[in-house]
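Just below is one structure, and these are the notes that go with it.
Here, each number is a calculation from the coordinates, and none is a lab measurement. As the structure is a prediction and not an experimental result, all values here were calculated from the model. Cβ placement follows ideal geometry from the backbone for every residue including glycine, while neighbour counts extend to all protein chains displayed.
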Amino acid sequence: MNFSQLLKNYLKIIFQLLMSLLLLSLFISCKNSIKQKPVTGLSENFEWFNSKSPYGSCSLRITTDKIIYVDPVDITDETANIKADIILITHEHSDHLQYDSIVKINKPSTVIISNTGIINTLKVVMKKKKSSTLKIIKPYEELTISGTKIEGITAYNNTHEKSAEGLGFVITNINGKRIYITGSTTFIHEMDSIYNIDYAVIFLKPSALTPEAAIKTINQIKPKKIIPIHWRDFEDEEMEALKKGVPSEIELMVLNIK
């Protein structure tokens, strides 16, 4: 075989390899675009569930392209009929973390996300239960669960030190809607990094976000809508103060507790 024939064969092999790489790249691109395709008619639904806690409830279910529970506590059998795709736990206090409720709404494909201490405890608690995925997240870290992005956000106040690794979360669904869960925080400078929020779920509490701190938070992050939870019926003064301070262009959504 002469040199020109060798060169011809060599170039042919190179061409075939390049074509294979191109086809593989196109396949991956198409696959990703299918996964991230917006869902027509998708909306976000928020349900706030009662608990026995004297401090007010933070048990929330968000229904979008996923079923997401936040701080599930005292979950009833009826509520637990709808299992979780994702469970987010903000911190370890008993009005936010209840292992029995987590087990109730868990299914084999559930992903549970929280800080290091809670996840390490759950590894023991969930060992003999239905298998689920346990993931640690820290502030400024991101996880993507089947197209839904979860960002860890710092959360702390006078009774929850920063070193305790309390969390807030920003959830971005498959259609790009962004939901901020404040967690047990007051107004803090780390909120500078939170932007383009469609819904802000605020934990309205004297030890966390007072109405004054909540209004500062709202003015900082400028969400389209705000949803206060963790407040109680007899705390009407706090709610009225919040209503007066919310800018007119921001919608205040007051949920009926179930």
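Skipping prolines and chain starts, which residues have an amide H placed within reach, meaning under 5 Å, of the one on residue 168, given they are 5 or more residues away or on another chain?
Long-range HN contacts for residue 168: 153, 154, 155.
How far apart, in nm, are two points set 7 Å out from the Cα along the Cα-to-Cβ line at residue 136 and at residue 159?
2.8 nm
How do 160, 93, 230 line up, fewest other C-beta atoms within 10 Å first?
Ascending number of Cβ neighbours within 10 Å: 93, 160, 230.
Non-local amide H neighbours of residue 145 (under 5 Å, H modeled in plane, Pro and chain starts lacking H): which ones?
For residue 145, whose amide H was placed from the backbone, the distant partners under 5 Å are 150.
At a 10 Å Cβ-Cβ cut-off, how would you order 122, 88, 134, fewest neighbours first?
In increasing order of surrounding Cβ atoms, one gets 134, 122, 88.
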